[in-house]
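S.K.: Below is the structure I would like to discuss, written out as structure tokens.
Readers should treat all values here as calculations from the given coordinates under stated rules, not as data from a laboratory. These numbers were taken from a predicted model, which means no experiment stands behind them. Using ideal geometry, Cβ is built from the backbone for each residue, glycine included, and neighbour counts are taken over all protein chains shown.
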Amino acid sequence: MVKFTEFFINTTKEHPSDSDIPSYSFLLRAGYIKKIASGIYTYLPIGLIVLKKIENIVREEMNKTGAVELLMPAIQPSDLWIESERWFQYGPELFRFKDRNNREFCLGPTHEELITSIIRQYIKSYKDMPINLYQIQVKFRDEIRPRYGILRAREFIMKDAYSFTSNEEDLDKIYLKMFDCYSNVLKKLSLNFFAVEADTGLIGGNYSHEFIVIAKNGEDKIVYCPNCNYAANYQMAEYKPGIITITDQKSIKNIEEIFTPGITTIKSLTKFLKIKPYKIIKTMILKKEDDLFAVLIPGDKDLNLAKVEKFLGFKLELINQIDNFEVCNAFNINIGFLGPVGLNKKIKILADNSLSNQINLVTGANKKDYHYINVNIYRDFAVDHWGDFSFPVEGDLCSKCNNLLKFEKGIEIGHIFKLGTRYSEKMNALFLDKTGNLKPILMGCYGIGISRIMSAVIEQLYDENGIIWPLSIAPFLVNIIAINVEDPKIESSANEIYLKIKKLNISTIYDNRNVRAGVKFKDSDLIGIPIKLIVGKNYIENNLVELELRKNKTKIQLKLEEAINFIKDYPTKNDF
RNA sequence: CGGGAUGUAGCGCAGCUUGGCUAGCGCGCAGCGUUCGGGUCGCUGAGGUCGUGGGUUCAAAUCCCUCCAUCCCGACCA
């Protein structure tokens, strides 16, 4: 509830040269944020208003679940990180520094260590649990490449919760509560989102969901099934190979070696032989110490290393000719002309499921400048393991219901994770169970990016003129625009209306600047205020004000009292 | 870390190739007038370590080197 001239809002017409996505550009232009250094931003007054509103939505929803708020320091001593063994694992992403006594600290990118160190002093019994503690805090990550403004910043605000339970059932309950909580938050923000199964990496056994807000400029890719609601992170999405036309060749032909000088890529091979990429078997050699594995993938797909690692249960490394010269020589590996036929027998062959129906394929001949055509599985080579080792492509099917899978890009704004006893064991956070046994506490962690939400919302809700805030987080609900403040009648009327609305406790800004009406309209749209209340001649002459809605440009002329009633009711009658 | 690019007024940019008067333009800002329902129009004006440091030269925004910062693509991370 402010007057424009007494507040601090600075807008610009020009697109800032730094920004390349709409949310960042509008946040800068409308005066929500100001860049201080790469990935580091000031939240200007209206930016802070929006940030606090997002915070409060999250806080409300968290409190509803019974979670309890606290605030931990951003500065954390290295001891705790050494205890959890992450001090050495974390790498340069962790902002580290020393105090005057040469003790090491870091700026917290997350707070598992800190919270564990706190609760282990208080939680001694199963009776002390379950408990879910959260904070809304500044986090620090020295990102390799900060980008997209506050979408991937080095200093950002996050809500992170940590649950402590004595048994799996309680952990499941809290996990589900958090799942619902995040869904509710995103609904309140009018966002389109998917909760997808996320990659848990090699740690295994854990359970994790990412909340992805759909956005063209998102850095994450998801796969979903419109039929059965299956949704997963692209990295770990399961799928059934789509039915590719195998009718182009019905009968199995004889294998043939052909001369393919300098043809080392799928692309050049498709051109050279005039075939589709899926007819080619892409062979990649992975290495674990001295063991080698060949993974066969159809030429139209990409190797999913994480899936292979999960399948085999250990980390692997993709080899190349230069770094692995000796190995390549020893095993007669010709990268560019690799294939399963005649491959060194010590190399285990893993084949992607999507190859299983294929006949008369093309592979490298393990000889420089030669390929085989009409290669057939079983007849020409044996497969040690079949499995899903690739990323799905357009045309692949849902593994649950056989419907066509769809692909979307999005922004990860929330992540919930069952941590298990990873931290409690390392950091000695133990409790006595009913039977008097000492056990590590079961933990879960649940993060949602507050500042990131601000950007993500805009990525979904904007037009050529600027931001279209949902009502729940708009900095103001109403912008009172006096068409001409030099006209004393208009000015005093607008001011009266402002005071009236202010008294009703409706969030409003009165644009009392002595500038042309067009400037105020443009700024209002850029800033994204849901309702304009326009006071002009029509009010002086006919007692009519005009309301204009940001989201659909609807304009209506109303008597003042009607207009005020309309505004009062607007949030209850509109989701957004 | 690899590749690419940029740095000139608060913001957006030109000038640099081919060194040479007092470094320009648009927006914004200040003043005056004009206009007043979708970024009016006119006049006047303020505002610059040309990213930093060094070098070449009679002379450097311009050429060379160093460093710094910023952005994009990739890799990394998950």
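S.K.: In terms of modelled amide H atoms, which long-range or inter-chain residues lie less than 5 Å from the amide H of A:LEU419?
M.R.: A:MET443, A:GLY444, A:CYS445
S.K.: If the only charges are +1 at each Lys and Arg Cβ and -1 at each Asp and Glu Cβ, what is the size of the charge dipole of the stretch A:476-573 around the Cα centre, to the nearest 20 debye? Each step should come with its number before you reach the end.
M.R.: On the way: 17 positive and 13 negative charges, 62 e Å.
Around 300 debye, computed over the stretch A:476-573.
S.K.: Counting DSSP beta bridges with both partners in chain A, what percentage is antiparallel, nearest 5?
M.R.: Numbers: 91 of 115 bridges.
Antiparallel bridges: around 80 percent, rounded to the nearest 5.
S.K.: Same structure, new question: Output the Cα-based Rg and Dmax of the stretch A:126-228 in Å, rounding Rg to one decimal and Dmax to a whole number.
M.R.: Rg then Dmax for the stretch A:126-228, in Å: 16.1, 47.
S.K.: Report the antiparallel proportion of the DSSP beta bridges in the stretch A:256-387 as a percent, rounded to a multiple of 5.
M.R.: Working: 18 of 27 bridges.
Beta bridges within the stretch A:256-387, antiparallel portion: roughly 65 percent.
S.K.: Taking only the alpha-carbon atoms of the stretch A:1-96, what semi-axes of the equivalent ellipsoid follow from 5 times the gyration tensor eigenvalues under a square root, in whole Å, largest first? Don't skip to the answer; put the middle values down first.
M.R.: On the way: eigenvalues 224, 101, 29 Å².
Values for the stretch A:1-96, descending: 33, 22, 12 Å.
S.K.: Can you tell me, using C-alpha contacts under 8 Å and at least 6 residues apart, the relative contact order of the stretch A:256-387 as a whole percent?
M.R.: Values: 232 pairs, mean separation 39.3, N = 132.
Once divided by the residue count of the stretch A:256-387, the mean separation gives 30 percent.
S.K.: Another question about this same structure. How big is the stretch A:256-387 on each of its three principal axes, counting only the C-alpha atoms and giving the largest first in Å?
M.R.: Projected onto the principal axes, the Cα atoms of the stretch A:256-387 cover 38, 32, 25 Å.
S.K.: Further question: Just how many % of Cα pairs in the stretch A:76-156 lie over 15 Å apart, if you round to the nearest whole percent? Provide the component values of the computation, followed by the final result.
M.R.: Values: 2078 of 3240 pairs.
Of all Cα-Cα distances in the stretch A:76-156, 64 percent exceed 15 Å.
S.K.: On to the next question. Using Stokes-Einstein with the Kirkwood hydrodynamic radius over Cα pairs, what translational diffusion coefficient do you get for the stretch A:38-187 at 20 °C and a viscosity of 1.002 mPa s, in µm²/s rounded to a whole number? Mind dumping the intermediate values first?
M.R.: Working: Rh = 17.1 Å.
Using the Kirkwood radius from Cα pairs, D works out to 125 µm²/s.
S.K.: Another question about this same structure. Would you kindly work out the equivalent ellipsoid of the stretch A:314-431 from its C-alpha gyration tensor and give its semi-axes, the square roots of five times the eigenvalues, largest first in whole Å?
M.R.: Values: eigenvalues 275, 121, 44 Å².
Taking √(5λ) for each eigenvalue gives 37, 25, 15 Å, largest first.
S.K.: Rounded to whole Hz and in sequence order, give me ³J(HN,Hα) for the stretch A:468-475 from the Karplus expression 6.51 cos²θ - 1.76 cosθ + 1.60, θ = phi - 60°, writing x for Gly and Pro.
M.R.: Along the stretch A:468-475, the couplings run 10, 5, x, 4, 5, 10, 4, x Hz.
S.K.: Just need the Rg to Rh number for the stretch A:476-573, please, alpha carbons only, Kirkwood Rh. It would help to have the intermediate numbers written out before the result.
M.R.: Values: Rg = 12.1 Å, Rh = 13.1 Å.
Result for the stretch A:476-573 is an Rg/Rh of 0.92.
S.K.: Let me ask something else about it. I need the shape label for the stretch A:289-342. Rule: rounded when a/c is under 1.5, else prolate if a/b > b/c, else oblate, with a, b, c from the alpha carbon gyration tensor. Intermediate values should be presented prior to the final figure.
M.R.: Working: a/c = 1.92, a/b = 1.25, b/c = 1.54.
Oblate, because a/c is 1.5 or more while a/b does not exceed b/c.
S.K.: To check my understanding: the extent here is largest minus smallest coordinate of the Cα atoms along each principal axis. What are those three numbers for the stretch A:383-462, in Å, largest first?
M.R.: Each principal axis gives a Cα extent; for the stretch A:383-462 these are 55, 50, 22 Å.
S.K.: Given an 8 Å cut-off on Cα distances and at least 6 residues of separation, report the relative contact order of the stretch A:50-169 as a percent. Could you put the intermediate results ahead of the total?
M.R.: Details: 156 pairs, mean separation 32.4, N = 120.
Computed over the stretch A:50-169, the figure is 27 percent.
S.K.: Moving on. Could you list, bin by bin from short to long, the percent of Cα-Cα pairs of the stretch A:255-313 in 10 Å steps?
M.R.: Reading upward from the zero bin: 19, 43, 26, 11.
S.K.: Provide the FRET efficiency to the nearest 0.05 for the A:THR572-A:ASN402 pair, computing r from the beta carbons and using R0 = 60 Å.
M.R.: Numbers: r = 43 Å, r/R0 = 0.72.
Computed FRET efficiency for A:THR572 and A:ASN402: 0.90.
S.K.: So for each of A:64-70, A:357-363 I average, over its residues, the number of other beta carbons within 10 Å; can you give me the resulting order with the highest mean first?
M.R.: On the way: A:64-70: 14.1, A:357-363: 19.9.
Output ranking for A:64-70, A:357-363: A:357-363, A:64-70.
S.K.: Could you give log10 I(q)/I(0) at q = 0.11, 0.12 Å⁻¹ for chain A, computed by the Debye formula over C-alpha point scatterers of equal weight, without solvent?
M.R.: These q points yield log10 I(q)/I(0) values of -1.09, -1.18.
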